[in-house]
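The values are calculated or read from the model by the stated rules, or taken from the named source; none is laboratory data. Since we're looking at a predicted model, the values are computed, not measured. All Cβ positions, glycine included, derive from the backbone under ideal geometry; neighbour counts span all protein chains shown.
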Amino acid sequence: MKFKLEVLYEDNHLIAVNKPAGMLVHADETGDVSLDRHVKKYIKKKYDKPGDVFLGVIHRIDRPVSGTIVFARTSKALTRMTQLFSKREVEKRYWAVTYQRPDPNEATLIHYLTKDKAKNRVNLSNRQRSKDAKKCELRYELLSEVGDHYLIDVFPKTGRPHQIRAQLAKIGCSIRGDKKYGSTYNQRNGMIHLHSRSLSFMHPVKKEPVFIQSKPPREQIWYMFDHFLNE
């Protein structure tokens, strides 16, 4: 995948970029080029770094999802940012586009999640049916509607795999293009219309508030809601 790396935030400790939909955050068994590799190349070239460049993967977003992601440039930042995520001291905001209007317009969803590794998906239940089931929680709010498309603001409290995709599908609001969780729309390259809009947290070293925001991909579907893009 050819693209120009979009750096959203950068200092001596952290670097945040806008991940394109369809790209892995970190290399896996597929051998496909990953986002962290591109970021390492950027740092190596910009700062004329000899040898290997340290880059810590703090968190991940699903391959079909676009948006804000932050990496650590030092081991100290990696340890401290990992703790912030673990303690749920990072506020995460996502945008999702669906064909179904959520009912009610805003609510908090709590489910219990189990992984189906064979199908690479998750299943949800309303109560904990086994010790392996993990609690997942998010808050959502309907932001806008254009025709039969709905823009939903999502604030996940937990960070489980496929959580937003599965929880919205559970209430009948499958994300546009997400065939794994019920969408009937065929999106190119397996991408879905879920975007990591922003991250907010206290800087792990400087101890000052950090707010990092990214724009969705340059696709017509997102620009239907252009009145929100410059907020």
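For (1) exposed (fewer than 15 other Cβ atoms within 10 Å of the Cβ); (2) among the aliphatic types (A, V, I, L, M); (3) within 19 Å of the chain's Cα centre (by Cα), each residue gets a yes or a no:
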residue	(1), (2), (3)
154	no, yes, yes
175	no, yes, yes
186	yes, no, no
189	yes, no, yes
222	no, no, yes
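Only one of the numbered conditions (1) in contact with a Lys or Arg (Cβ under 8 Å, 6 or more places away or on another chain); (2) surrounded by 20 or more Cβ atoms within 10 Å (Cβ to Cβ); (3) part of a loop (DSSP other than H, G, I, E, B) is not met by residue 196, and that is (3). Listed by first and then second residue, the pairs with beta-carbon distance under 7 Å, at least 6 apart or on different chains, first residue in region 214-227 and closer than 26 Å to residue 70 by Cβ, second at pLDDT below 85 and surrounded by fewer than 15 Cβ atoms within 10 Å (Cβ to Cβ), are 215/229. Here region 45-86 is the region considered, the condition is being in contact (Cβ under 8 Å) with a residue 60 or more places away in the chain and among the small types (Gly, Ala, Ser), and the residue that is surrounded by the fewest Cβ atoms within 10 Å (Cβ to Cβ) is 77.
Are any residues in region 147-163 among the aliphatic types (A, V, I, L, M) and either closer than 25 Å to residue 83 by Cα or touching a Cys at 6+ places or on another chain (Cβ under 8 Å) (or both), and if so, which ones? I'd like the intermediate steps shown before the answer.
Kept after step one, since they are among the aliphatic types (A, V, I, L, M), are these residues of region 147-163: 151-152, 154.
The answer is 152, 154.
Among the criteria (1) among the polar types (S, T, N, Q); (2) at pLDDT below 95; (3) assigned to a strand (DSSP E or B), the one residue 18 does not fulfil is (2).
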